[in-house]
Each structure stands twice: as structure tokens, then as C-alpha cells.
Amino acid sequence: MSKTAEFITHLTDGQNYKKDSIILGTGILDGVPVTGAQVKIALKTMNRHGLIAGATGTGKTKTLQVIAEQLALKGVPSVLMDLKGDLSGLAQPGTANDFIKNRSEVIGVDYEPMGLPIELMSISDEKGVRLKATVSEFGPVLIAQILELNDTQQGVISLIFRYCDVNHLPLVDLKDLKRVLQFITNEGKEAIQKEYGQVSSASVNTIMRKIIEMEQQGAERFFGEKSFEVEDFLRTKDGKGVISVIRLTDIQSRPKLFSTFMLSLLSEIYETFPEQGDADQPKLCLFIDEAHLVFSNASNDLLEKIEAIVKLIRSKGVGVYFCTQTPTDVPDSILGQLGLKVQHALRAFTAKDRKAITKTAENYPESPYYNTSEVLTSMGIGEALITALNEKGIPTPLAHTLVRAPITRMDILDEAEIDRVVENSALVYKYNQELDSKSAFEILEKKMNELEEIQKKAEIPGPKATTSRRTTQDESLFEELSKNTMVRQLGRTIFRELTRGILGSFTRKR
Ligand SMILES: Nc1ncnc2c1ncn2[C@@H]1O[C@H](COP(=O)(O)OP(=O)(O)O)[C@@H](O)[C@H]1O
Ligand SMILES: [Mg+2]
């Protein structure tokens with residue numbers, strides 16, 4: 001058998017999948033792409049997470065695009081965190097030139113350019129579906145995280161959430177949170193002290209200041225209603241999975257908001273999606289481009305939570321894919337969980353680079369066909385070392401791969417095209433209305449007004465005014481208020497609040 005024939009057998013053995021798979025490209029031997037040595041990912045294992053790494057300009061984002069496209073064609077929706085704004089092109093067909101056609105022929109795939117169904121989303125003011133969450137849904141742990149609170153301040157936030165739970169005060173936006181903070185140091189001070197003990201006004205002031213700082217960074221665009229229902233990530237259109245592109249270009253300067261947002265999204269998905277047993281394909285794949293931004297500024301605490309949730313979310317049929325420059329950007333505990341590894345070229349400029357390369361090479365299975373660290377530094381653009389999991393969950397042989405070209409546009413949409421995507425969106429209408437439900441702010445305002453009224457009346461001695469009525473007036477007021485329509489209106493928020501899963505249990509453990 002010739003070396004090439006042996007190579008083909010080596011790569012493709014054990015990849016005659018019974019279930020569906022996607023073709024990523026074809027194997028390269030001694031610098032030459034080999035037709036017939038296709039490198040595939042078994043769809044069945046795509047909830048086992050992955051990494052796409054490599055130096056800038058080596059093809060990471062295009063590989064991400066290719067995978068998301070192929071998933072969409074199989075009817076699997078995905079969510080892309082687009083930190084550089086280069087992924088909107090998925091909505092438009094790519095251009096078939098000779099270079100691309102030849103590439104596809106060698107790889108053994110048809111090149112059929114097409115635009116795919118996408119939704120543009122944003123957590124700030126960019127065009128597209130506004131992703132929001134209520135403060136209640138976000139929960140005390142993440143609020144404390146995003147505000148960078150110390151233990152004492154964190155205690156105050158937990159207290160506030162508990163108080164609001166018990167008293168049916170929905171925390172929708174930051175205005176609510178600020179109002180309750182004000183309440184516990186002013187009007188409500190005595191009641192709070194009786195039940196929860198002394199609350200340091202210095203802590204309250206600090207929290208208040210940090211909330212205002214966060215508002216100045218635009219966070220008040222994120223907190224509020226209507227909160228996003230993660231089931232809306234699961235849509236298909238004409239049998240194709242809808243690709244939700246979350247545009248986060250304006251968030252690079254605020255990595256904390258980004259990492260916390262990501263954790264909130266993952267935990268929401270984890271809580272909402274049902275367990276998925278052994279399935280033929282993932283339910284949803286989530287891609288995080290420029291993932292080092294998630295990890296580089298995250299506290300250990302936040303990292304632990306991200307790691308834990310990444311591990312757990314697999315059972316919901318959700319795969320998470322990190323796209324970053326070197327694998328060392330991703331914590332070891334996450335690296336150890338990854339099924340798919342795509343390593344584009346690394347550059348060896350410094351001693352530190354060379355160390356990273358040696359370490360990276362060690363993380364890949366050995367191959368009789370390659371000197372891994374040599375290939376790592378010599379690969380061309382759009383090539384990568386790939387190992388995936390086969391249907392049985394065993395790593396496939398390491399393959400120096402010529403990655404197929406995206407069938408969608410390798411460039412971004414222009415403004416008019418973006419407008420068209422937004423106009424045709426079913427979700428923009430659902431989510432982009434300003435709501436200001438009756439929440440903590442309004443309820444507390446009303447309560448204060450009513451208390452004033454009652455006090456005024458009490459000054460005029462009436463026949464039925466008894467002292468016992470007055471001591472319980474606080475409670476009965478809450479009772480009455482809680483019967484209000486807002487309880488039903490915000491049922492979802494409160495329900496979440498009471499059953500807050502994973503992040504709630506994290507707090508309880510400490
Ligand atoms: N699979 C591919 N097929 C064709 N061209 C590619 C492919 N991958 C990368 N390229 C070329 O390389 C350029 C850089 O790729 P990109 O994915 O943006 O790099 P990175 O995200 O690693 O910085 C692209 O604009 C494209 O011209
Ligand atoms: Mg990129």
C-alpha cells in the first residue's frame with residue numbers, strides 16, 4: 001500500500017459513521033491535501049464542546065463559520081458571540097471563485113454558496129434583538145460578581161434578594177435595585193434591622209455607587225424586560241437551524257459585563273432546557289469568538305462557575321465552542337472536557353511562544369505522520385490540526401486539515417443588509433418594546449405614599465383605629481400589594497427567583 005493510501009486508511013478508519021456527521025475538510029500529508037481523507041465531526045458528539053485556537057489571521061473565525069453553517073444545514077441552531085463583528089456575513093452567500101472551487105474539489109465537497117437564516121442580537125444598542133434579563137433573574141451571585149462586591153457587600157445583596165422574595169417585590173431593572181437599597185437604609189431601616197440585623201450604610205453606599213458606575217457603562221440597557229427566553233435560540237427556518245449572532249463589539253472594553261452575561265446565559269439555558277439523553281445531534285451549539293476575553297478578566301469564583309456550568313450543560317444537548325489564540329487562554333479544567341480540538345497555526349516569536357507551542361503539542365494525540373510542534377508553526381492560513389470524537393466517543397487521529405471554505409460570505413454585511421435582517425426578524429418585534437412593569441420601584445413608592453396617607457388619617461382619631469392594626473399595617477400592606485396584578489404579570493420572574501437553580505445552589509453552598 002502506498003503511503004498516501006495508508007494515510008487515508010489511518011484517518012478515515014473508524015469514521016464510517018452510522019449517524020450524521022459534518023465534513024470539515026481533508027487531511028494534508030507532507031504539505032499536500034489528500035482527496036479521500038475527509039476529516040469529519042460526528043454530530044452525536046457535538047455536545048462535548050470544543051476549542052478553535054490559533055494566531056491572529058490563521059482562520060479561526062472562518063472555521064467557526066464553517067461549523068455553524070454545516071450545523072445550520074443539518075437543522076441545528078447555534079449562538080455565536082461575535083466580539084469583532086465579523087460574523088454577520090452568514091446571512092449572505094459566499095462568492096465562488098476558482099480558488100474556492102479548487103479547494104472544495106480537493107476536499108470532496110460541493111461548493112454551493114448560500115445565505116443562511118440569522119438573527120442579529122445585542123445586549124446594548126446595536127441593531128437587532130435586544131437581549132435582556134431582569135435583575136431577579138440575574139440573581140444575587142451574578143449581581144455581586146458584576147459589581148465586584150466584597151463579602152460584606154455581597155451579604156447585603158443577598159439580603160435584598162431575600163427580602164424582595166419574601167415581600168413579592170419584583171426586581172426588574174437597576175432602578176428597582178437602587179430603590180430597595182434606598183428603602184433599607186431609610187424608610188425600611190427598622191423593619192430590616194428587626195429581621196436581618198444591622199445593615200452597614202457604608203456598604204449600601206458603595207453598592208449604590210457601583211450600580212451607578214455600571215449604569216454609566218450602559219448596563220441599564222441590559223437589565224429589564226422583556227427578558228429573553230432562551231428557547232428562542234432553538235428556532236429553525238425552512239429546515240435550517242437559525243444562527244443567532246450576538247453582536248458584542250462594543251463590549252470589549254467591558255469584559256466583566258461580557259463574562260457575567262455569558263454565565264447568565266449558560267445558566268439560563270441549563271435551567272430551562274430539559275435533559276437530553278443519548279441524541280443523534282446536539283440541540284444547540286454556542287460559539288464564543290475571542291474567548292480569552294471571557295477568561296482573562298474573570299475572578300476565580302466566576303471561572304469556577306463557568307467551568308461547572310460548561311460541564312453540566314452537556315447533558316442538555318448543548319455544545320460550547322471556544323475560539324481563542326492559544327489553548328492556554330482557556331482554563332485547564334475546561335480544556336480537559338473538550339471533544340473537538342482545532343488548532344490553527346501558532347507563531348514562534350518569543351521563548352514564551354515556543355513554550356506555549358510545546359505545551360500545545362503535548363495536548364494533542366501523537367501521530368505517525370506529523371511532528372506536531374513543527375506542523376503547528378508551519379501550517380498555512382485555513383489549515384488546522386484537528387482531532388474530534390468519533391461516534392463511540394474516542395478521539396479521531398490527529399489530522400493536518402485543509403479546512404473547507406464557508407458557503408456564506410467571508411465578509412460582513414453592510415448597513416442596508418443589516419437593516420433587512422432586522423426588518424425580517426420575528427424576534428425584534430417580540431423583544432424590542434420598552435416595558436416598565438410594576439416592580440419594586442413602583443411598589444415601594446406606592447407603599448410610602450399609602451403609609452403617609454394612613455399616618456395622616458391616624459392622626460384624626462377614628463372609632464375603629466386600634467393599635468394592633470397599626471403594628472401589622474406594614475405586613476397587610478404588602479399582602480394587599482402582592483395580590484396585585486403585577487404578581488401575575490411578573491410570575492415568570494418570581495418563579496425563577498424562587499426556583500433559582502444552579503447559581504442559587506452555589507450561594508447556598510458557601
Ligand atoms: N477555511 C477557509 N477557506 C478559505 N479562506 C480562509 C479560510 N480560513 C481562513 N481563510 C482566509 O484567511 C483570512 C483570515 O481568517 P480568519 O478566520 O478571519 O482568521 P482569525 O479569526 O484566526 O483571525 C480570511 O479572511 C480568509 O481570507
Ligand atoms: Mg477571528
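The values are calculated or read from the model by the stated rules, or taken from the named source; none is laboratory data. It should be emphasised that the depicted structure is a prediction, and the values quoted were computed from it without experimental measurement. A quick note on method: Cβ atoms are made from the backbone with ideal geometry, for glycine too, and the neighbour counts reach across all protein chains shown. Surface areas here come from the heavy atoms of the whole protein model, side chains and all, with no ligands, DNA or RNA. Shrake-Rupley method; radii C 1.70, N 1.55, O 1.52, S 1.80 Å.
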- Task: Confirm whether GLU231 is assigned by TED's automatic domain parsing to the domain that holds ILE306, open to solvent by 10 Å² or more (accessible area, probe 1.4 Å) and not small (Gly, Ala, Ser).
- Result: yes
- Among strands (runs of 3 or more DSSP E) completely within the range 1-92, the ones holding 1 or more residues that are within 16 Å of ligand 2 (Cβ to nearest atom) and touching a residue at least 60 places away in the same chain (Cβ under 8 Å) are 50-53, 78-82
- Query: Of the residues in the range 308-326, how many are modelled with pLDDT of 90 or more and within 21 Å of LEU83 (Cβ to Cβ)?
  - Reply: 11
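Which helices (runs of 4 or more DSSP H) sit wholly inside the range 166-219 and have at least 3 residues that are at pLDDT 90 or above? Talk me through it step by step, then tell me what you get.
Values: elements: 174-185, 189-196, 201-216.
Because the criterion is at least 3 residues that are at pLDDT 90 or above, the helices (runs of 4 or more DSSP H) in the range 166-219 that meet it are 174-185, 201-216.
Yes or no, residue by residue, for (1) more than 16 Å from ligand 2 (Cβ to nearest atom); (2) not β-branched (Val, Ile, Thr):
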position	(1), (2)
PRO406	no, yes
LEU413	yes, yes
ALA416	yes, yes
VAL421	yes, no
ASN424	yes, yes
LEU427	yes, yes
LYS430	yes, yes
ALA440	yes, yes
LYS446	yes, yes
- Item | Boolean, ASP82 is within 13 Å of ligand 1 (Cβ to nearest atom), in the same structural domain as LEU376 (by TED's automatic domain parsing) and either over 18 Å from CYS323 (Cβ atoms) or buried (at least 16 other Cβ atoms within 10 Å of the Cβ) (or both) | yes
- Item | Positions within the range 48-65 being open to solvent by less than 10 Å² (accessible area, probe 1.4 Å) and either near ligand 1 (Cβ under 6 Å from one of its atoms) or farther than 19 Å from PHE233 by Cα (or both), in sequence order | GLY50, LEU51, ILE52, ALA53, GLY54, THR58, THR63
- Message: Can you tell me which condition LEU398 does not meet? The list is (1) at pLDDT below 95; (2) more than 16 Å from ligand 1 (Cβ to nearest atom); (3) not β-branched (Val, Ile, Thr), and all the others hold.
- Response: (1)
- Would you check if ILE143 is open to solvent by less than 10 Å² (accessible area, probe 1.4 Å), in a helix (DSSP H, G or I), under 25 Å from ASP82 (Cα atoms) and outside the structural domain of GLU415 (by TED's automatic domain parsing)? yes
- Across the range 165-199, what is the number of residues that are open to solvent by 10 Å² or more (accessible area, probe 1.4 Å) and within 36 Å of the chain's Cα centre (by Cα)? 12
